[in-house]
Amino acid sequence: MRRYIFPFLINTALFACFIAFGIAHDIKTGRIEVAAEWNPWRPLDLTLPDSPVQAWKVSRARGDPAQCVAAMARVASVSALPDFTPSATCSIEGGVVLAGLGAARLDPLKTRCALAMDLFRWEQESVRPAVREIFGTDLRRIEHFGSYSCRRIAGSRRWSRHARAEAIDIAGFRLADGQHVTLLRGWEGSAKERAFLRRVRDGACEIFGGVLSPDYNAAHADHFHFDFSPWGFCR
Ligand SMILES: [Zn+2]
């Protein structure tokens, strides 16, 4: 009996490989249509819904500045920066100048492309829908205090994630109807401002490894701090 089982298994495996390669080839050539977020050959499109294939492409782009810049250039205003390494502790690697996310503008900002990609996701999934639902208007501008800054954490000997452009400080939002929502006045401001700022803080916690808001301490009364921390804090 064993005599027959091994050839049978080998033939079955070969047949399965043949079918898998055939399907892969047909997806690649477009003969079989799959949803865009499931197509591994399609270049990364950051506006597509989540899927395991999409997550794999995003994680590859995080480690590959050229792919990251190409994907961001389709949805944001970015230009690639040459690597900047003024010291062993301070650098911007895989950097971009970021001046817009979707339809929202920013004062041009030097940061890592991977951080710009996270900001785009936050703008799309959290900020823009919250502006529409709470204020009934559109987002025009995101105000910030910058990303790269060669410094230590205040009151500590440890280097800040800003020293590697792995963090950004967000100060406020300008809306299409002229409203100006700042962290400083809005955190304890009108009911709408309070609801909006807490909602986009919570939205950021789904995306960034580290999030600090005015709830954390007085040093953050006027901005959100978002960073690449692996510790998953959200305060
Ligand atoms: Zn910060």
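Subtracting the Cα-Cα distance of TRP231 and ALA99 from 0.36 nm times their residue separation leaves 44.6 nm of extension gain. So, in nm, how far is label TRP38 from label ASP107 when the simple model puts each one 7 Å beyond its Cα toward the Cβ? The two pseudo-label positions are separated by 4.6 nm. Across the chain, the longest run free of exposed loop sites, meaning chymotrypsin sites (Phe, Trp or Tyr not before Pro) lying outside DSSP classes H, G, I, E and B with no more than 15 other Cβ atoms within 10 Å, spans 42-215.
Counted residue by residue at 0.36 nm each, then reduced by the alpha carbon distance between them, the extension gain from ARG74 to ALA154 reaches 25.1 nm. Other residues lying with their Cβ under 15 Å from the Cβ of GLU93 contribute a combined charge of +2, Lys and Arg counting +1, Asp and Glu -1.
For THR85 and ASP202, what is the calculated FRET efficiency with R₀ set at 41 Å and r taken between the beta-carbons, to the nearest 0.05?
Details: r = 35 Å, r/R0 = 0.86.
After rounding to 0.05, the efficiency reads 0.70.
For the chain, a crude dipole built from +1 on the beta carbon of Lys and Arg and -1 on the beta carbon of Asp and Glu, taken about the Cα centre, is about 480 debye to the nearest 20. Projecting the Cα atoms of ALA221, ALA163, HIS180 onto the charge dipole of the chain (Cβ charges, centred on the Cα centre) puts ALA163 farthest toward the positive pole. Choose one of GLN67, SER51, ALA16: the residue whose Cα lies farthest towards the positive end of the charge dipole of the chain (beta-carbon charges +1 Lys, Arg; -1 Asp, Glu; about the Cα centre). It is ALA16. Axis of helix 113-122 versus longest Cα principal axis of the chain: the two differ by about 80°, to the nearest ten degrees. The alpha-carbon of LYS57 sits under 21 angstrom from the alpha-carbons of these lysines, leaving out residues fewer than 8 places away in its chain: LYS28.
Note on TYR216 and ASP138: their simple-model spin labels are 3.2 nm apart, each label 7 Å out from Cα toward Cβ.
Only the coordinates and a few stated rules stand behind these numbers; no lab work does. What you see is a predicted model; the values in this text were computed from it and never measured. Please note: Cβ atoms are built from the backbone with ideal geometry, for glycine as well, and neighbour counts cover all protein chains shown.
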